[in-house]
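The values are calculated or read from the model by the stated rules, or taken from the named source; none is laboratory data. All figures in this text were calculated on a predicted structure; none of them were measured in a lab. Glycine gets a Cβ as well: all are built from the backbone with ideal geometry, and neighbour counts include every protein chain shown.
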Amino acid sequence: MVSPILCRSPRVTIVGAGKVGSTLAQRIAEKNLADVVLLDIVEGMPQGLALDLMEARGIELHHRQIMGTNDYTDTSDSEIVVITAGIPRKPGMSRDDLLKINAKIVVEAAKSAIAHSPDAIFIIITNPLDVMTYLAWEATGLPRHRVMGMAGVLDSARFETFIALELGVLPADVKAMVLGSHGDLMVPLSGYATVNGIPITELLDTATIARLVE
């Protein structure tokens with residue numbers, strides 16, 4: 001007899017049903033990776049988004065369950081918790097301007113989520129990313145390998161895209177890396193960026209590379 005625990009589908013909770021959260025829910029479900037719980041403080045919004053995604057299952061040919069909720073109880077036993085909740089930047093604002101507002105949101109979300117999913121891995125997306133990731137780690141009391149921020153892969157993908165557009169090549173053929181804090185202090189390693197193994201320093205002049213880095 002197979003244990004019902006072993007048969008249960010993996011569950012990902014996404015805290016924040018804005019553009020990033022709702023898009024992430026769609027991609028996780030349509031890639032058939034896990035069931036999704038989409039949580040937001042706005043009543044009715046995550047429920048409506050979840051219903052839209054559920055109604056597309058026959059078109060996208062997946063069987064994942066998507067639930068919208070305003071209650072952390074519904075997030076219980078999630079393998080992964082992604083926190084996207086927070087106030088987005090407005091024109092003229094830096095990521096650091098969001099610090100006080102989003103710190104409270106992320107800490108409350110992390111504490112509420114860990115109470116219902118003590119074994120989860122936490123991925124933080126809310127800006128300013130590095131500080132929010134630290135606060136989530138501190139709030140949950142989890143070991144550091146179970147709390148991470150989604151930044152480096154995003155910044156590297158952006159750099160690869162700019163290089164691909166400049167050279168008219170496929171993004172899949174470009175390999176690039178960006179290190180450091182997610183923000184003005186990040187460092188694109190242009191000397192290690194390549195297109196099909198060829199360094200971009202052999203394909204682009206110094207001024208063009210500097211423009212792409214900027």
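Some points to look at:
- Residue that is surrounded by the most Cβ atoms within 10 Å (Cβ to Cβ) [pool: residues in the range 146-175 that are β-branched (Val, Ile, Thr) and part of a helix (DSSP H, G or I)]: ILE163
- For the range 19-34, the set of residues classified as more than 18 Å from THR75 (Cα to Cα) and either β-branched (Val, Ile, Thr) or loosely packed, with under 15 Cβ neighbours inside 10 Å (or both) consists of LYS19, VAL20, THR23, ARG27, LYS31, ASN32, listed by residue number.
- Residue match in the range 35-43 (condition: of a type outside the set (A, V, I, L, M, F, W, C), in the same structural domain as SER112 (by TED's automatic domain parsing), within 24 Å of PRO118 (Cα to Cα) and crowded, with 22+ Cβ neighbours inside 10 Å): yes
- Failed item, numbered, when GLY183 is tested on (1) at positive phi; (2) outside any loop (DSSP other than H, G, I, E, B): (2)
- Within the range 86-125, tally of residues that are among the hydroxyl-bearing types (Ser, Thr, Tyr) and either outside any loop (DSSP other than H, G, I, E, B) or at pLDDT 95 or above (or both): 2
- Residues located in the range 185-207, provided they are under 15 Å from THR161 (Cα atoms), within 27 Å of the chain's Cα centre (by Cα) and among the hydrophobic types (A, V, I, L, M, F, W, C): LEU189, ALA193, VAL195
- Scanning the range 47-86 for residues that are surrounded by 22 or more Cβ atoms within 10 Å (Cβ to Cβ) and either of a type in the set (Val, Ile, Thr) or outside the structural domain of SER112 (by TED's automatic domain parsing) (or both) gives ILE66, THR75, VAL81, VAL82, ILE83, THR84.
- Selection within the range 176-214: residues that are polar (S, T, N, Q) and more than 28 Å from THR126 (Cβ to Cβ). The member of this set that is surrounded by the fewest Cβ atoms within 10 Å (Cβ to Cβ) is THR206.
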